[in-house]
1. Out of VAL15, VAL32, which single residue is without any contact (Cβ under 8 Å) to a residue 40 or more places away in the chain and either small (Gly, Ala, Ser) or over 20 Å from ASP74 (Cα atoms) (or both)?
2. Going residue by residue through the range 37-49, is there one that turns out to be of a type in the set (A, V, I, L, M, F, W, C) and modelled with pLDDT under 90?
3. Only residues that are in a loop (DSSP other than H, G, I, E, B) and surrounded by 14 or more Cβ atoms within 10 Å (Cβ to Cβ): list them for the range 56-69, please.
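The values are calculated or read from the model by the stated rules, or taken from the named source; none is laboratory data. Treat the numbers as computed from the prediction; the structure is a model and nothing was measured. Cβ placement follows ideal geometry from the backbone for every residue including glycine, while neighbour counts extend to all protein chains displayed.
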Amino acid sequence: DMYGCGNNEILLSKVLKDRRNEIFLCTKFGNVRGENGEFLDVNGKPEYVHEACEKSLQRLGVDCIDLYYQHRVDSTV
């Protein structure tokens with residue numbers, strides 16, 4: 001949910017398709033965005049992390065992300 005509102009993950013999925021075993025895959029989560037891509041908030045709550053991870057897995061077309069990390073600290077968690 002970080003760069004290009006997930007569109008970069010979709011773009012990368014085309015490269016990963018035939019090379020997944022050759023790549024250490026990292027991606028980030030934590031920024032909540034509005035319908036137009038505008039930044040709304042930071043979210044590190046477990047429910048959001050799970051939802052964001054599932055969406056990243058779908059966009060990337062993989063079943064595993066090697067390193068999944070938070071872009072910004074959510075001070076409420």
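1. Working: VAL32 fails: either small (Gly, Ala, Ser) or over 20 Å from ASP74 (Cα atoms) (or both).
Of the residues listed, the single one that is without any contact (Cβ under 8 Å) to a residue 40 or more places away in the chain and either small (Gly, Ala, Ser) or over 20 Å from ASP74 (Cα atoms) (or both) is VAL15.
2. Our first condition is that a residue be of a type in the set (A, V, I, L, M, F, W, C); within the range 37-49, this holds for 39-40, 42, 49.
The next check asks that each one be modelled with pLDDT under 90; those that pass are 39.
Taking every residue of the range 37-49 in turn, at least one turns out to be of a type in the set (A, V, I, L, M, F, W, C) and modelled with pLDDT under 90.
3. Listed by number, the residues that qualify are GLY61, VAL62, ILE65.
For every residue, the table says whether it meets (1) basic (Lys, Arg); (2) surrounded by fewer than 10 Cβ atoms within 10 Å (Cβ to Cβ); (3) not in a loop (DSSP other than H, G, I, E, B).
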| residue | (1), (2), (3) |
| --- | --- |
| VAL15 | no, no, yes |
| ASN21 | no, yes, yes |
| THR27 | no, no, yes |
| GLU35 | no, yes, no |
| HIS50 | no, no, yes |
| GLU54 | no, no, yes |
